[in-house]
1. Would you mind checking which residues have amide H under 5 Å from T174's amide H? H placed 1.01 Å from N; only 5 or more apart, or other chain.
2. Just to check I understand the Karplus step: with θ = phi - 60° and J = 6.51 cos²θ - 1.76 cosθ + 1.60, what whole-Hz values come out for the stretch 171-184, glycine and proline as x?
3. By count of other Cβ within 10 Å, fewest leading, how are M189, M93, M273 ordered?
4. Going by alpha carbons, how many degrees (0 to 90, nearest 10) lie between the helix axis of 86-110 and the longest principal axis of the chain?
5. Relative contact order (percent) for the chain, with alpha-carbon contacts under 8 angstrom and 6 or more residues of separation?
6. Taking the Cβ-Cβ separation of T158 and F418 as r and a Förster radius of 51 Å, what is the calculated FRET efficiency to the nearest 0.05?
7. For the stretch 1-137, what does the alpha-carbon gyration tensor say about shape, rounded, prolate or oblate, given a ≥ b ≥ c as the root eigenvalues, a/c under 1.5 as rounded, and a/b over b/c as prolate?
8. Would you kindly state how much longer the chain becomes between L392 and W310 on full extension, computed as 0.36 nm times their sequence separation minus their alpha carbon distance, in nm to one decimal?
Amino acid sequence: MEIIAEYGTIFLILACLFGFFMAWGVGANDVANAMGTSVGARALTIKQAILVAMVFEFLGAYLAGGEVTSTIRKGIIDAEALDASPELMVYGMLSALLAAGTWLLIASLKGWPVSTTHSIIGAIVGFAAVGIGVEAVHWGKVGTIAASWIVSPLLAGTISYALFMSVKVLILDTEDPFHRAKKYIPVYMWMVGFMISMVTLLKGLKHVGLDMDLGLGSKFANALPLSALIGLVVAIIGAQLLRRVKELPNQDNRFANVERVFGILMIFTACAMAFAHGSNDVANAVGPLAAVASTILSGGMVTAQSIMPWWILLIGALGIVVGLATYGWKVIMTVGRKITELTPSRGFAAELGAASTVVLASGTGLPISTTHTLVGAVLGVGFARGIAALNLRTIGTIFMSWIITLPAGAGLAITFFFIFKGIFG
């Protein structure tokens, strides 16, 4: 307790700096997952993708970033094991942020799309097991999270595969694909609008002091009609935009006009994916920061749950935007161009499949990896054209970087933990 009282301000400043650094890593490495498909399918240029992501990542992180944040913070370490020595929690969370941020910096320089969720959970488990004791880690919770890393790419791959097959059956494999596209694409637009408003209404708006209540009983029942209506508005706006797309004659490729229409749709899904990603992955940066802040501001009380202050979500949201703007392009190129050849229709199916998976996870508070989800979705779309459509060498490199991430995060966190303990302890 004396250490917290003496160095509290320094710890809080360090936590904010390291939290920002970690959020920078999320922006530089992970936001590529939200935008890589749009750039790969040439629906957006790199500059446009970065601008779209900056707006929607910020909104997702700030408005809807609280649900998953509590899972990362309270689920992995036993708070009671730290009652006698809360300073260990502070050292540990500082070292976890610094370790995960450092690994993300290395991976971003190499252009590897690694999991920020893996990085921070590996770091937290590493410091807790070595610095506090193996029994302080909730291994059951870690197991659930680990299972979600296998489930998320499989789920995203399956949804994306099914979406692309529906596009093939309804639009691409027909006599007049262009007019069929104009007919069915507003339905897909409704799905995008519905899905994103569901996650925002169910869990996002309480962070800005708004709570929707139509008197229908449960929160879910209140959100359904509103989301359906918002989806309808998105579909109507989309249908109006589609009317302006004219069929160009003498195209060498009979699908060229259809792909132009999907290019418009991909702008919607890019916004959806960026929002969904911001809501889910800001937790990786601000979860440990919130743990440090609540411990210091309560005078050394290690609580299992604490309210997420708005300024902490703001630090996370700003860090993500800065990381994306300064170094996001490298991983965007890996995801968008090097796994499989993407067209707007394939990219759309991958993005909507990945966004659906992230939104499902965000709504249930399960911290999935967006990287695993999106790579799974891109693999699902590539697989719909056969194994030869996939670049197996790039996929092998990505899988290797995923395997290294957990031990790298843990090893760095253990090192930083003992450095902090030596300086302050």
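1. none
2. Once θ is set to phi - 60°, the couplings for the stretch 171-184 become 10, 5, 8, 10, 5, 10, x, 5, 6, 5, 4, 4, 6, 9 Hz.
3. Final ranking by Cβ density, sparse to dense: M189, M93, M273.
4. 40 degrees
5. About 41 percent, as a whole number.
6. Details: r = 44 Å, r/R0 = 0.85.
With a Förster radius of 51 Å, E is 0.70.
7. Prolate.
8. 25.2 nm
Computed from the coordinates by the stated procedures, all read-outs in this text should not be read as laboratory data. In this text the structure is predicted, and so the values were computed from the model without any measurement. Counting neighbours? That spans all protein chains shown, and the Cβs are built from the backbone with ideal geometry, glycine included.
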